[in-house]
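The values are calculated or read from the model by the stated rules, or taken from the named source; none is laboratory data. Every value quoted in this text rests on a predicted model; they were computed, and no experiment measured them. Cβ coordinates were reconstructed from backbone atoms using ideal geometry, including for glycine residues, and neighbour counts include every protein chain displayed. Calculation scope for accessible area: heavy atoms of the full protein, side chains included, ligands and nucleic acids excluded. Shrake-Rupley method; radii C 1.70, N 1.55, O 1.52, S 1.80 Å.
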Amino acid sequence: MKVVSAFFSLVLMSGCLFIPSIEEAGYNSCESEKDCGVGRQCTAGYCTPPPWNDESYERRRLLVLENETVSELPEAGALVFWVGASGMTLKLDEVPSDTRYTYYHADENTWKTVPVFLDTFDDRYAVWVPLSASLASGARAPLVWMESKSGDAEGEATISPIDVFDAFYNFGAGEACVAPWLCFGTGAPVPDNASIRVADNQMMVLSEGLTLPFDVSFKLRVNGSSCENVFWGLKGGKNQSFDPPMLGFNVGTDRDMSFEVYPRSDSLAPEITDLAQMDTVLRTYRIHAGTTSIRIYRDQDLLAAIPLETLLEEEGTYYPYLDVDGDCSIEIRNFWATSTPVGSVKITPESPVDFQLF
């Protein structure tokens, strides 16, 4: 589709003008905003898209967000979509290397560049985006515009995870036991191949706790085949003890993997979900938790949606940690967290639009 860029400025300035058929370009007639689709405003009796942000970017594509959760999505909370194979939000060849992400504030008639974080794999990647405005349950609104075909300009996304998440750590960038991370056990985890290696009888704990809801991700690899108890998740204390409430992934004998939840401080036994056997691939393990349910992911795959028989402590403080026992180790590369409510969202790309100046 090509947008008529100069046309509407002429329509608004002149009361007598030959008007071509513009509904084919999406400029449908309207009486109010409710007659227009997502990302369009009712202007001069027509549903109009935002003005073009930057003519040096000749193509843009709107991603539409639908909030399918029962809660409001807060401004600045981070959401994720996947680029890769068929069935993901976009295919690799649909996202040029010069793509940047922007947002239009209609009330202020201004554009801003949106920072993102790219969680990359060999054949796909996840794009984490912070919300530029809150969104009520059941509502639809623009998430971002993807701008590309930058011509002579050096276009690229603004990669800034500290501006995307409430917390982000890159463990390949320095030593392990540096505040706010605490270490317990025998020796200290050491840097290893752009990661930190946590070995037998070692624990790392983040001393800055999280409260519900939270969406946390650990990008790591488990090495070795003789695990006794390897755990990564969150617990109710920032010391060496194992204080409920606790929740997280566990790898035991024969690399069997499960997800365990001790939902309250007085929990005596966990609620356990058995999962597929652990492999030795670098993956992103994600825990998206609220008081009544938990969703767990490995890379782009939803491993389980877990309704809780006993509610998680809403007022509790949860400290992310990794603990290793046995002839195993964890190589952790990144950790990040956001306070986005648990539940489903739908992100749908519209057709790309090319700029055309008449």
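Looking for something free of Cβ contacts under 8 Å to residues at least 40 places away in the same chain and in a strand (DSSP E or B) - is there at least one such residue anywhere in the stretch 117-130? Full working, then the answer.
Of the residues in the stretch 117-130, the ones free of Cβ contacts under 8 Å to residues at least 40 places away in the same chain are 120, 122-123.
Okay, now just the ones that are also in a strand (DSSP E or B), so 120.
Within the stretch 117-130 (the criterion being free of Cβ contacts under 8 Å to residues at least 40 places away in the same chain and in a strand (DSSP E or B)), the answer is yes, since at least one residue qualifies.
Restricting attention to the stretch 182-201, does a residue exist that is in contact with a Ser or Thr (Cβ under 6 Å, 6 or more places away or on another chain) and of a type in the set (S, T, N, Q)?
Yes; the residues of the stretch 182-201 include at least one that is in contact with a Ser or Thr (Cβ under 6 Å, 6 or more places away or on another chain) and of a type in the set (S, T, N, Q).
Return only the number of the condition from (1) touching a residue at least 40 places away in the same chain (Cβ under 8 Å); (2) hydrophobic (A, V, I, L, M, F, W, C); (3) touching a strand residue (DSSP E or B) at 6+ places or on another chain (Cβ under 6 Å) that residue 176 does not satisfy.
Looking at each condition in turn, residue 176 falls short on (1).
Can you name the condition, by its number, that residue 216 falls short on among (1) in contact with a helix residue (DSSP H, G or I) (Cβ under 9 Å, 6 or more places away or on another chain); (2) buried (at least 18 other Cβ atoms within 10 Å of the Cβ)?
Against the list (1) in contact with a helix residue (DSSP H, G or I) (Cβ under 9 Å, 6 or more places away or on another chain); (2) buried (at least 18 other Cβ atoms within 10 Å of the Cβ), residue 216 comes up short only on (1).
Give the residue, chosen from 216, 205, 230, 222, that is in a strand (DSSP E or B), touching a residue at least 60 places away in the same chain (Cβ under 8 Å), within 25 Å of residue 174 (Cα to Cα) and over 25 Å from the mean Cα position of the chain (by Cα). First the steps, then the outcome.
Working: 216 fails: over 25 Å from the mean Cα position of the chain (by Cα); 205 fails: over 25 Å from the mean Cα position of the chain (by Cα); 222 fails: over 25 Å from the mean Cα position of the chain (by Cα).
Sole residue among the options that is in a strand (DSSP E or B), touching a residue at least 60 places away in the same chain (Cβ under 8 Å), within 25 Å of residue 174 (Cα to Cα) and over 25 Å from the mean Cα position of the chain (by Cα): 230.
In the stretch 267-297, which residues are among the hydroxyl-bearing types (Ser, Thr, Tyr) and more than 28 Å from residue 81 (Cβ to Cβ)?
Passing the criteria: only 267.
Quick one: count up the residues across the stretch 246-291 that are open to solvent by 20 Å² or more (accessible area, probe 1.4 Å), part of a loop (DSSP other than H, G, I, E, B), without any contact (Cβ under 8 Å) to a residue 40 or more places away in the chain and not charged (D, E, K, R).
Here the count works out to 6.
Tell me which residues, restricted to the stretch 325-348, are open to solvent by less than 40 Å² (accessible area, probe 1.4 Å) and within 30 Å of residue 149 (Cβ to Cβ).
Of everything in the stretch 325-348, just one residue is open to solvent by less than 40 Å² (accessible area, probe 1.4 Å) and within 30 Å of residue 149 (Cβ to Cβ), namely 347.
Filter the stretch 77-102 down to the residues that are surrounded by fewer than 17 Cβ atoms within 10 Å (Cβ to Cβ) and hydrophobic (A, V, I, L, M, F, W, C), then identify the one that is nearest to residue 165 (Cα to Cα).
Checked the stretch 77-102; the qualifying residue nearest to residue 165 (Cα to Cα) is 88.
Do we have residue 343 as part of a loop (DSSP other than H, G, I, E, B) and closer than 21 Å to residue 142 by Cβ here?
On the way: part of a loop (DSSP other than H, G, I, E, B): yes; closer than 21 Å to residue 142 by Cβ: yes.
So residue 343 fits the description; yes.
In the stretch 101-128, which residues are within 30 Å of residue 33 (Cβ to Cβ), modelled with pLDDT under 95 and of a type in the set (D, E, K, R)?
107, 108
Within the stretch 45-83, can you find the residues that are aromatic (Phe, Trp, Tyr) and closer than 17 Å to residue 112 by Cβ?
Our first condition is that a residue be aromatic (Phe, Trp, Tyr); within the stretch 45-83, this holds for 46, 52, 57, 81-82.
Passing the criteria: 52, 57.
With the structure loaded, tell me whether residue 111 is of a type in the set (A, V, I, L, M, F, W, C), within 24 Å of residue 220 (Cβ to Cβ) and either under 14 Å from the mean Cα position of the chain (by Cα) or surrounded by fewer than 18 Cβ atoms within 10 Å (Cβ to Cβ) (or both) or whether it fails that test.
No.
Which residues, counting only those in the stretch 1-27, are at pLDDT 50 or above, assigned to a helix (DSSP H, G or I) and either open to solvent by less than 50 Å² (accessible area, probe 1.4 Å) or under 16 Å from residue 109 (Cα atoms) (or both)? First the steps, then the outcome.
Keep residues of the stretch 1-27 that are at pLDDT 50 or above, which gives 1-3, 23, 25-27.
Next cut, assigned to a helix (DSSP H, G or I) only: 23, 25.
Within the stretch 1-27, just 25 meets the criteria.
Is there any pair with a first residue in the stretch 131-145 that is within 11 Å of residue 104 (Cβ to Cβ) and a second that is hydroxyl-bearing (Ser, Thr, Tyr) whose Cβ atoms are under 6 Å apart and which are 6 or more apart or on different chains, and what are they?
132/103; 144/101; 144/103; 145/102
I'm told residue 322 meets every condition in (1) surrounded by fewer than 16 Cβ atoms within 10 Å (Cβ to Cβ); (2) within 30 Å of residue 183 (Cβ to Cβ) except one. Can you identify the failing condition by its number?
The failed condition is (1).
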